[in-house]
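The values are calculated or read from the model by the stated rules, or taken from the named source; none is laboratory data. Just so it is clear, the model here is predicted, and its values are computed rather than measured. So basically every Cβ, Gly included, is an ideal-geometry build from the backbone, and we count neighbours across all protein chains shown. The protein model used for the area step is the full one, side chains on, heavy atoms only, and it has no ligands, DNA or RNA in it. Shrake-Rupley method; radii C 1.70, N 1.55, O 1.52, S 1.80 Å.
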Amino acid sequence: MTTYESILLSQTPNELFDLNGLSDKGGVLTLSLFNADEATDVRFNAYYAYRKIDEGDALKLLSDVASSSQLGKTLYRGADSEFTRWFREQGLGKNDDVEVHHVVIILVDDVIEILTPALPVIENMAR
């Protein structure tokens with residue numbers, strides 16, 4: 001089972017966000033998020049892969065997060081995940097030594113998983 005820990009808690013509020021937009025341009029992945037009080041951009045200046053699923057279809061992942069961390073946060077990092085293993089397997093050894101963070105972003109209606117060499121940059125803006 002993958003274990004998860006909350007990350008970047010000081011940069012995100014203790015309530016879930018909605019997804020306003022997802023942009024994949026020039027190798028930079030940006031998620032524009034919002035809630036009642038603020039808008040937040042989560043930017044990955046480099047990434048290997050990402051996937052998006054409706055939160056109602058991500059029940060195993062949400063169960064694993066609840067088992068190893070606390071639900072209700074926005075950003076998590078997964079350890080020893082199936083997604084990371086899949087990425088390494090696809091590289092046929094090429095990706096075995098690269099640093100990979102499995103970042104999970106839990107939103108009101110979506111779960112987005114990103115494999116990245118570095119944690120994202122968070123930019124908060126008042127609404």
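Tabulated data for the structure shown
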| item | result |
| --- | --- |
| Rounded to the nearest 10 Å², the accessible area of Leu119 at probe 1.4 Å | 60 |
| Cut-off under 5 Å, modelled amide H: who pairs with Tyr48 long-range | Leu115, Thr116 |
| Sum of -39500 (n - 2.57) over DSSP H runs of 4+, divided by residues of the chain (222 nm, nearest 500) | -4500 deg cm²/dmol |
| Cα gyration tensor shape for the chain, rounded if a/c is under 1.5, else prolate or oblate | oblate |
| The stretch 43-82 - Rg over Rh from alpha carbon coordinates, Kirkwood radius | 0.97 |
| Signed unit charges on C-beta, dipole axis of the chain, positive-most listed residue Asn20, Gly72, Asn95 | Asn95 |
| Where N is the number of residues in the stretch 69-127, Cα Rg divided by 2.2 N^0.38 Å | 1.32 |
| Between helix 59-68 and the chain: long-axis angle, C-alpha atoms, 0 to 90°, nearest 10 | 90 |
| Highest to lowest packing among 35-43, 53-61, scored as the average C-beta count within 10 Å | 35-43, 53-61 |
